[in-house]
Amino acid sequence: MSVRLVTDRKEQDHFDQLLVEHHYLHSATLVGEHLRYVVTHRGEWLALASWSAAALHLKARDQFIGWSQEQRRTRLPLMANNARLLVLPQCHHPNLVSRFMKVMLGRLSADWQQRWGHPLAAVETFVDPQLFQGTAYKVSGWSQLGETSGFKRSAVDFYQEHQRPKQVWLRELVKKACVKLRAAQLPPEWAAVEAQAPPHCTAKAQELRSLRDHFKAVPEFRRKQALGYPLAGLLALIAMAMFSGAVRGPEDLAQYAATLSQGQLRALNFRLSRKTGRVRYPKATCFGQVLAGVDQAAVQKALLGWQDQVLGANQDPTVMVDGKTLRHAGLDVVNAVNGQGRWLGSAMVPEGANEIPVARTLLAGLDIGSKLTLADAAHTHTQTAKTVLFEGGGDFLLTVKENQKQLCHTLATLLQEQSFSPSAHGDHSSLHPGTQPGTPGNPRPDGP
């Protein structure tokens, strides 16, 4: 016998058809990353096995591994689920399943790496005790961890009780895999999986409501027909997505919105769907419309107000200004932060312009009185210094580079010992440079 992957499209259709026809669940649906295997002997198919993404929530498994909720979310792709295992009729030969399982598990991680770009640490499966005893898994080194709670997933965030709990089985593909999965840091060969985990909203409903309330002052600009998602809730969701790392635009925001629970969506004041009776989440087109038309100044004011509520008043005496190019957007923005990295404001750079005048406008709108403003050499200009010193009432510390030749020469010679014009001249050659002739004394009454 031989074990091979099923990759041809026609063979995959035949594979799924056999599962629907002969497997007791009569379904071949696979979720997320997946693979299909078949056992053949002289061209005849004997048994089938399909693997898919691991279950999102599984109490017995998660307790056995001992990882945190955040670790489970980011490291779950390192596990796979044996979704289907079927021996075809008239093919029940002794030791067929155990031999099939041994060969398949020996190559599963490498095949997963080649197909999906990362290895596997462990695998899981479910066994219905009313139909099977799990003998095939037990003799193949699997461990029974307990039973499910008797619910099945019927929607994105909805589970329905079916009163047929399944046995939960697990097998490590790597020695001490569970210990490594719950460790503070993953092994280097697994770390990329955690780094690629999509952003996820962890904010509580009360935190979302607090952020939403600050955005209520932002004026609505959409038609009444588009108000199924109130603007304040949408802006709070966009802000939370940005904080979490969803920065690639409307599509990324829509994927992030899909991770919110019903409680989180209700906190944003989104409306129910008449068909399902559940709170809907916005799609990419909705986010694109909001990002294109919202009042940017009002959004910034709302965010700064929320930040002051969370962090308290800004007490740091420094203001740092710098321009950056936004990734995935091709736009330039000037940001102002304090010495602790706290955001003070931002301003977009118009197309065809540069960040220097934009930075002056940004500084003119900030409270920089009695504070020290720092900037790189791009902002070392007389007008910028005047904006800080005379208009803002603060001090500045600006960088000077060698390509600013005249300014470099001035600074290099400014503090050198030299004659004090106009009183130091040839008539007083005996005087030390920098001194004035005459007897020291108090100035005349009409003098300065």
Placing each pseudo-label 7 Å from Cα in the direction of the beta carbon, K401 and A292 end up separated by a distance in nanometres of 3.7
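Counting pairwise Cα distances across the range 164-245, what percent come out greater than 21 angstrom? Before the final figure, lay out the partial values.
Numbers: 1920 of 3321 pairs.
Considering the range 164-245, 58 percent of its Cα-Cα pairs are separated by more than 21 Å.
Kindly report the accessible area of the range 27-127 per residue (heavy atoms of protein chains, probe 1.4 Å, no ligands, DNA or RNA), in Å².
Numbers: 4570 Å² over 101 residues.
Per-residue accessible area for the range 27-127 comes out at 45 Å².
Membrane-span-like helices in the chain: DSSP H runs reaching 15 Å or more (Cα, own axis), mean Kyte hydropathy at least 0.5?
Working: long enough: 9-22 (20 Å, -1.51); 96-116 (28 Å, -0.17); 231-244 (20 Å, 2.31); 296-311 (22 Å, 0.16).
Membrane-span-like by this criterion, though nothing is claimed about a membrane: 231-244.
Rounded to the nearest 0.05, what FRET efficiency do S244 and E417 have when you use their Cβ-Cβ distance and R0 = 41 Å? Numbers along the way, then the final one.
Values: r = 59 Å, r/R0 = 1.43.
FRET efficiency, S244 to E417: 0.10.
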Log entry: pair-distance distribution for the range 254-307, C-alpha pairs binned every 10 Å from zero, whole % per bin is 21, 39, 35, 6
Output ordering of 299-306, 41-48 (per-residue mean of other Cβ within 10 Å, highest first) is 299-306, 41-48
Amide H contacts under 5 Å for V319, restricted to residues at least 5 apart in sequence or on another chain and with H modeled in the peptide plane, are L372, T373, L374
FRET efficiency for Q69 and D8 from the Cβ-Cβ distance with R0 = 41 Å, rounded to 0.05, comes out at 0.55
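So what is the orientation-averaged projected area of the range 4-93, using the convex hull of its C-alpha atoms, in nm²?
On the way: hull surface 28.4 nm².
Mean orientational projected area (the range 4-93, Cα hull): 7.1 nm².
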Per the Cα gyration tensor, the range 217-274 corresponds to an equivalent ellipsoid with semi-axes, largest first in Å, of 19, 15, 11
Each label sits 7 Å from Cα toward the beta-carbon; between E189 and L88 the label points are separated, in nm, by 3.4
Square roots of five times the C-alpha gyration tensor eigenvalues of the range 227-332, ordered largest first and given in whole Å, equal 28, 18, 12
At q = 0.11 1/Å the base-10 log of I(q)/I(0) from the Debye formula over the alpha-carbon atoms of the range 55-198 is -0.46
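Translational diffusion coefficient of the range 298-343 at 4 °C, 1.567 mPa s, Stokes-Einstein with Kirkwood Rh over Cα pairs, in µm²/s as a whole number.
Values: Rh = 12.0 Å.
Stokes-Einstein gives a translational diffusion coefficient of 108 µm²/s.
Rg to Rh ratio, the chain, alpha-carbon atoms and Kirkwood radius?
Working: Rg = 33.8 Å, Rh = 28.2 Å.
For the chain, the value is 1.20.
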Taking alpha-carbon centroids only, the range 174-226 lies from the range 353-409 a number of Å equal to 37
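Could you work out the percent of alpha carbon pairs in the range 162-207 separated by over 18 Å, rounded to a whole number? Provide the component values of the computation, followed by the final result.
Numbers: 607 of 1035 pairs.
That tail contains 59 percent of the Cα-Cα pairs.
So what is Rg over Rh here for the range 370-418, counting just Cα atoms and using Kirkwood for Rh? Don't skip to the answer; put the middle values down first.
On the way: Rg = 12.1 Å, Rh = 11.8 Å.
Rg divided by Rh gives 1.03.
What is the percent carbon and sulfur in the accessible area of the chain, measuring with a 1.4 Å probe over the protein chains and ignoring ligands?
Values: 13890 of 26670 Å².
Here carbon and sulfur together make up 52 percent of the probe-accessible area.
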Lys and Arg at +1, Asp and Glu at -1: neighbours of E21 with Cβ under 14 Å from its Cβ sum to -1
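The values are calculated or read from the model by the stated rules, or taken from the named source; none is laboratory data. None of these values were measured; they are calculated from a predicted model. Don't worry about glycine lacking a Cβ; one is built from the backbone with ideal geometry, like all the others, and counts go over all protein chains shown. Note: areas computed on protein heavy atoms with side chains; ligands, DNA, RNA excluded. Shrake-Rupley method; radii C 1.70, N 1.55, O 1.52, S 1.80 Å.
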